[in-house]
Amino acid sequence: MKGKKIPGFKKMSSNKKIGVYTKPSIVYIPLVNQNDDNITLLVKKGDYVYKGSILGKRKGVLRIPILSSVSGTVIDFVERHYANGNIVKCVAIENDFKEKVEKEIKRKEINKLSKEEFINIIRDKGIVGMGGSGFPTYVKYDTDKKINTLIINAVECEPYITADFALINEHCEEILEAIDAILDINNIDEAIIAVKKSNTQLVKILENNVGSYLRMKISKVPNFYPMGWEKNLVEFVKHVTYKKLPSEKGIIVNNVATIYAIYEALKYDKPLVERVVTFTGEKLKSPQNVLVKVGTPVSEVIEIIGGYKKYKDLLFVAGGPMMGISLPNDDLVVSPNLNCVLALYDKKEELVTQCLRCGKCVEVCPAKLVPVMVKDNINKPERLKELRPDRCISCGLCTYVCPARINVREYIKAAKERLRGE
């Protein structure tokens with residue numbers, strides 16, 4: 001396993017309870033899933049929608065619904081920034097603040113659901129990977145392969161993000177109940193909750209609650225980045241590796257926020273229409289975790305929690321500083337895969353020099369690439385294919401360690417896009 005210990009800034013947001021802002025006057029629901037905006041639209045202007053109504057569906061194999069986070073009226077179709085940095089089409093819905101749903105279901109014994117019921121629920125309620133991937137969660141469970149181990153990724157290795165920590169801190173019992181139900185429903189032998197051993201507060205919370213669940217255990221992982229990357233995690237926790245998916249080795253990995261969304265879907269039939277987002281960074285007056293509706297303008301949330309400090313230069317990032325996307329402003333809306341919003345000092349571009357051929361980017365790359373060679377061969381498609389930039393996980397370590405201040409990650413990203421277009 002390759003990686004690097006990097007400074008952390010989690011105390012900015014981890015010492016407060018989760019704030020709540022769930023009453024925006026208008027939400028802008030992105031018509032996109034993962035990075036796929038090939039969506040069949042199912043509503044028009046003037047339509048009344050309920051909380052959880054289907055606004056559109058992703059085409060193709062991995063069909064997942066795009067859901068309304070409020071009840072109200074469709075008033076427009078507009079463009080807004082999405083978590084991946086792209087400007088995407090959104091459904092604008094005027095909130096009537098009534099939180100109407102078409103039907104309400106509460107289930108007491110969620111452990112007794114069948115596997116088919118479980119898969120249908122988490123698919124129809126739009127549950128996706130909330131650590132940033134946005135991958136439809138039902139796909140991981142919709143398999144005939146025997147799953148032996150469920151790994152809950154509570155590592156949060158990005159240096160600022162504390163959304164999962166906040167969820168465990170305030171909803172540990174519900175998260176453990178969900179894990180227990182997932183094990184029963186899917187006939188999984190064990191659950192392993194992976195957490196950094198340096199996060200002693202989180203370890204203590206889990207140790208105080210896991211005891212009665214005999215099939216669950218805690219794995220304390222090293223404090224380096226990107227320990228939370230799925231392949232690193234599986235290798236450390238289970239001492240195995242895989243080619244494409246952990247299910248090849250009988251393993252499923254979910255992060256904490258996804259597990260909590262599954263709990264709410266199973267227990268209360270609640271669709272994925274809100275999530276906890278870490279709003280943090282040196283330029284915010286009051287960094288904190290906030291429960292927000294999907295489609296809420298980020299600028300609105302920042303204003304509600306106290307706004308910006310009065311400094312000139314702002315670097316705005318969707319996601320963490322390592323894997324996130326910098327944006328020109330805060331014209332961004334909350335999506336299920338947005339786990340963090342960063343407002344940082346914009347350090348003016350440091351002088352970029354020629355590559356020193358030091359090899360540091362190669363030493364730290366967890367995907368075992370040669371980033372400098374990808375950069376050097378950016379205009380040579382055949383050579384790029386051999387260098388496999390498609391394996392890049394966009395962790396940003398190559399840029400982080402580069403003494404020449406070259407943004408190596410952007411070269412890798414450009415190489416991946418170039419090969420996709422071939």
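Of everything in region 14-26 that is in contact with a helix residue (DSSP H, G or I) (Cβ under 8 Å, 6 or more places away or on another chain) and among the hydroxyl-bearing types (Ser, Thr, Tyr), the residue that is surrounded by the fewest Cβ atoms within 10 Å (Cβ to Cβ) is Tyr21.
Evaluating Gly131 against the criteria (1) surrounded by fewer than 18 Cβ atoms within 10 Å (Cβ to Cβ); (2) in contact with a strand residue (DSSP E or B) (Cβ under 9 Å, 6 or more places away or on another chain); (3) of a type outside the set (A, V, I, L, M, F, W, C); (4) modelled with pLDDT under 95 leaves one unmet condition, (1).
Checking the condition more than 19 Å from the chain's Cα centre (by Cα) and either in contact (Cβ under 8 Å) with a residue 60 or more places away in the chain or closer than 23 Å to Lys11 by Cα (or both), which residue from Asn255, Asn186 passes? Steps first, please.
Numbers: Asn255 fails: more than 19 Å from the chain's Cα centre (by Cα).
Just one listed residue meets the conditions, Asn186.
Going through region 402-422 one residue at a time, which ones are outside any loop (DSSP other than H, G, I, E, B) and either within 18 Å of Ile325 (Cα to Cα) or among the polar types (S, T, N, Q) (or both)?
Within region 402-422, the first condition is being outside any loop (DSSP other than H, G, I, E, B), and the residues that meet it are 408-420.
Listed by number, the residues that qualify are Val408, Arg409, Glu410, Tyr411, Ile412, Lys413, Ala414, Ala415, Lys416, Glu417.
So how many residues does region 395-420 have that are buried (at least 19 other Cβ atoms within 10 Å of the Cβ) and either out of contact with any helix residue (DSSP H, G or I) (no Cβ under 8 Å at 6 or more places or on another chain) or of a type outside the set (A, V, I, L, M) (or both)? The number of residues fulfilling the criteria is 6.
Of all residues in region 160-188 being within 17 Å of Val292 (Cβ to Cβ) and acidic (Asp, Glu), which is surrounded by the most Cβ atoms within 10 Å (Cβ to Cβ)? Per the stated criteria, the residue is Asp164. In region 2-26, the residue that is farthest from Ile393 (Cα to Cα) out of those that are assigned to a strand (DSSP E or B) and modelled with pLDDT of 95 or more is Ile26. Looking at Ile110, is it out of contact with any Ser or Thr (no Cβ under 7 Å at 6 or more places or on another chain) and buried (at least 20 other Cβ atoms within 10 Å of the Cβ)? Answer is yes for this residue. The set of residues from region 289-319 being farther than 15 Å from Ala343 by Cβ, crowded, with 20+ Cβ neighbours inside 10 Å and aliphatic (A, V, I, L, M) comprises Val292, Val294.
Regarding region 42-49, can at least one residue be identified that is free of Cβ contacts under 8 Å to residues at least 24 places away in the same chain and not β-branched (Val, Ile, Thr)?
Going through region 42-49, the residues free of Cβ contacts under 8 Å to residues at least 24 places away in the same chain turn out to be 42.
The next check asks that each one be not β-branched (Val, Ile, Thr); those that pass are 42.
Yes - at least one qualifying residue is present in region 42-49.
Of all residues in region 27-46 being assigned to a strand (DSSP E or B) and crowded, with 22+ Cβ neighbours inside 10 Å, which is nearest to the chain's Cα centre (by Cα)? Selected residue: Asn33.
When region 156-178 is examined, which residues are found to be in contact with a strand residue (DSSP E or B) (Cβ under 7 Å, 6 or more places away or on another chain) and either β-branched (Val, Ile, Thr) or not assigned by TED's automatic domain parsing to the domain that holds Asn255 (or both)? The answer is Ile161, Thr162.
If the condition is being under 18 Å from Glu230 (Cβ atoms), part of a helix (DSSP H, G or I) and not hydrophobic (A, V, I, L, M, F, W, C), then region 247-266 contributes Ser247, Glu248, Lys249, Thr258. Taking region 192-209 as the range and being surrounded by 11 or more Cβ atoms within 10 Å (Cβ to Cβ) and more than 17 Å from Val155 (Cα to Cα) as the test, only Asn209 passes.
Answer yes or no: is there a residue in region 264-286 that is among the aromatic types (Phe, Trp, Tyr) and either under 17 Å from Ile182 (Cβ atoms) or buried (at least 19 other Cβ atoms within 10 Å of the Cβ) (or both). Give the derivation first.
Residues of region 264-286 that are among the aromatic types (Phe, Trp, Tyr), as a first pass: 268, 279.
Restricting the remaining residues to those that are either under 17 Å from Ile182 (Cβ atoms) or buried (at least 19 other Cβ atoms within 10 Å of the Cβ) (or both) gives 268, 279.
Yes, some residue in region 264-286 is among the aromatic types (Phe, Trp, Tyr) and either under 17 Å from Ile182 (Cβ atoms) or buried (at least 19 other Cβ atoms within 10 Å of the Cβ) (or both).
Has region 51-60 got any residue that is touching a helix residue (DSSP H, G or I) at 6+ places or on another chain (Cβ under 9 Å), surrounded by fewer than 19 Cβ atoms within 10 Å (Cβ to Cβ) and more than 30 Å from Phe224 (Cβ to Cβ)? Yes, region 51-60 contains a residue that is touching a helix residue (DSSP H, G or I) at 6+ places or on another chain (Cβ under 9 Å), surrounded by fewer than 19 Cβ atoms within 10 Å (Cβ to Cβ) and more than 30 Å from Phe224 (Cβ to Cβ).
The values are calculated or read from the model by the stated rules, or taken from the named source; none is laboratory data. Computed from a predicted model, the values in this text were never measured in an experiment. Because the Cβ atoms are built from the backbone with ideal geometry, glycine has one as well, and the counts that use them run over all protein chains shown.
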